[in-house]
Amino acid sequence: MIDALAGHLAGAASVVALTGAGVSAASGVPTFRDAQTGLWARYDPMELATPEAFARDPQLVWSWYAWRRSLLARVWPNDAHIALAEWPGRVTVITQNVDGLHQRAGSKAVIELHGRLDRDRCSAVCGTRTPASAAESPPPCPHCGALMRPDVVWFGEALPEQALADALAAVRGADCVLSIGTSSLVRPAAELPWEALAAGVPVGEINTEATLLTGQARWSLRGRADQTLPALVAAIRQRRGDHHEP
Ligand code: BV8
């Protein structure tokens, strides 16, 4: 299956990689559905990652993000991020992840659908954004005084308009869309491969488990992204006769 996909990708001028938490798993970043550890084991991320939770208990939500930020401080991009950063040809990464690991691996064309954990933004409407604060409690917005919050998209919140528009244009105009390390459950991100299929763009999936997309994918590789992507890049290079290292 990897050879068939490599054969198509070797001739593809424009590839889109839609990535989820499974791509960062090998870096030690827990996926959203992993059981949370320690103090946070009793909380459901889906409940905490909401504006209602922040309005109800800003300190609790802020502390959860401080814990997640502390985990991120100790992780590095893994071979999946590096394979995408060294992709043989043009690749646009559309990520649901908020960890910034694609950019740290060297990817240049990255569309972030759900924001970034290393940034804060004003919880009111002034739009002020700052680097993530290490304060114990949500600091006041330097501009309007409202509480600052992590600059991520919570459940029930709209995705950044420009990012979503760019993502839709990218998948519709691609020669191939790869859905990598995502359960394909969270919308509207999960709709992007379907938009590609509707535009006649073939879809491949790389995931450790089957998803709702698997039946529609022309190529479905069951495996870890940090092992499958490097093998796929090597197979593409071989097909192209690219023997130089990146
Ligand atoms: C919106 C930032 C509307 C925050 C995140 C009922 C039906 C349909 C939709 C809804 C509904 N009820 C509510 C909704 C909408 C909701 C939604 O989709 N809910 C789902 C769960 C039913 N969506 C929203 O609320 C979105 N907004 O709809 O707004 C609107 C419109 C206009 C105006 C106002 C409002 C906002 C969604 C964004 C939420 N924010 N993150 C934070 O991080 O704290 S989502 C968060 O969870 C992640 O960013 C990620 O996107 C998601 C988890 O998904 P995955 O990345 O796929 O990770 P997951 O753990 O699920 O899967 C990992 C996969 O990898 C697994 O399949 C595993 O097998 C695989 N894997 C593991 N290891 C590896 C691997 N694969 C390869 N290699 C490995 N090594």
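The values are calculated or read from the model by the stated rules, or taken from the named source; none is laboratory data. Remember, it's a predicted structure, so these values are computed and weren't measured experimentally. Virtual Cβ from ideal backbone geometry, glycine too; neighbours counted across all protein chains shown. All accessible areas refer to the heavy atoms of the entire protein, side chains included, with ligands and DNA or RNA removed. Shrake-Rupley method; radii C 1.70, N 1.55, O 1.52, S 1.80 Å.
Given the condition within 15 Å of the ligand (Cβ to nearest atom), out of contact with any helix residue (DSSP H, G or I) (no Cβ under 6 Å at 6 or more places or on another chain) and open to solvent by 20 Å² or more (accessible area, probe 1.4 Å), answer yes or no: does some residue in the range 136-154 qualify?
Yes, the range 136-154 contains at least one residue that is within 15 Å of the ligand (Cβ to nearest atom), out of contact with any helix residue (DSSP H, G or I) (no Cβ under 6 Å at 6 or more places or on another chain) and open to solvent by 20 Å² or more (accessible area, probe 1.4 Å).
Could you grab me the full set of residues in the range 189-202 that are open to solvent by less than 40 Å² (accessible area, probe 1.4 Å) and within 17 Å of the chain's Cα centre (by Cα)?
Ala189, Ala190, Leu192, Pro193 - these are the residues of the range 189-202 that are open to solvent by less than 40 Å² (accessible area, probe 1.4 Å) and within 17 Å of the chain's Cα centre (by Cα).
Determine which single condition Arg121 fails, assuming it passes every other condition in (1) closer than 25 Å to Ala21 by Cβ; (2) part of a loop (DSSP other than H, G, I, E, B).
Among (1) closer than 25 Å to Ala21 by Cβ; (2) part of a loop (DSSP other than H, G, I, E, B), Arg121 violates only (2).
Considering (1) in a helix (DSSP H, G or I); (2) in contact with a Pro (Cβ under 8 Å, 6 or more places away or on another chain), say which one Leu232 fails and leave the rest.
For Leu232, the failing item is (2).
Residues that are within 25 Å of Ser70 (Cβ to Cβ), within 15 Å of the ligand (Cβ to nearest atom) and within 19 Å of the chain's Cα centre (by Cα): does the range 171-181 have at least one?
Checking the range 171-181: at least one residue is within 25 Å of Ser70 (Cβ to Cβ), within 15 Å of the ligand (Cβ to nearest atom) and within 19 Å of the chain's Cα centre (by Cα).
Would you point out the residue of the range 57-86, among those that are of a type in the set (Asp, Glu) and more than 12 Å from the ligand (Cβ to nearest atom), that is farthest from Ala25 (Cα to Cα)?
Asp57
Identify the residue in the range 65-90 that is aromatic (Phe, Trp, Tyr), modelled with pLDDT of 95 or more and over 16 Å from Val177 (Cα atoms) and, among all such residues, is most open to solvent (accessible area, probe 1.4 Å).
Within the range 65-90, the match that is most open to solvent (accessible area, probe 1.4 Å) is Trp76.
Considering (1) free of Cβ contacts under 8 Å to residues at least 24 places away in the same chain; (2) in a loop (DSSP other than H, G, I, E, B), say which one Trp194 fails and leave the rest.
Every condition holds for Trp194 apart from (2).
Can you list residue pairs whose Cβ atoms sit under 9 Å apart, with the first residue in the range 45-72 being outside any helix (DSSP H, G or I) and the second being open to solvent by 40 Å² or more (accessible area, probe 1.4 Å) and within 11 Å of the ligand (Cβ to nearest atom)? Count only pairs 6 or more apart in sequence or on different chains.
What qualifies is Ala49/Phe32; Ala49/Phe155; Thr50/Phe155; Thr50/Gly156; Thr50/Glu157.
In the range 119-130, how many residues are open to solvent by 20 Å² or more (accessible area, probe 1.4 Å) and more than 13 Å from the ligand (Cβ to nearest atom)?
Matching residues across the range 119-130 total 8.
Hey, among the residues in the range 91-118 that are buried (at least 18 other Cβ atoms within 10 Å of the Cβ) and in a helix (DSSP H, G or I), which one's farthest from the chain's Cα centre (by Cα)?
So the residue we want is Ala105.
Please go through the range 1-44 and pick out each residue that is over 30 Å from Lys108 (Cα atoms), of a type outside the set (Val, Ile, Thr) and in a loop (DSSP other than H, G, I, E, B).
Ala35, Gln36, Tyr43, Asp44
Looking at the range 199-221, can you tell me whether even one residue there is of a type in the set (Val, Ile, Thr) and away from the ligand (no atom under 15 Å from the Cβ)?
The answer is yes; a qualifying residue exists.
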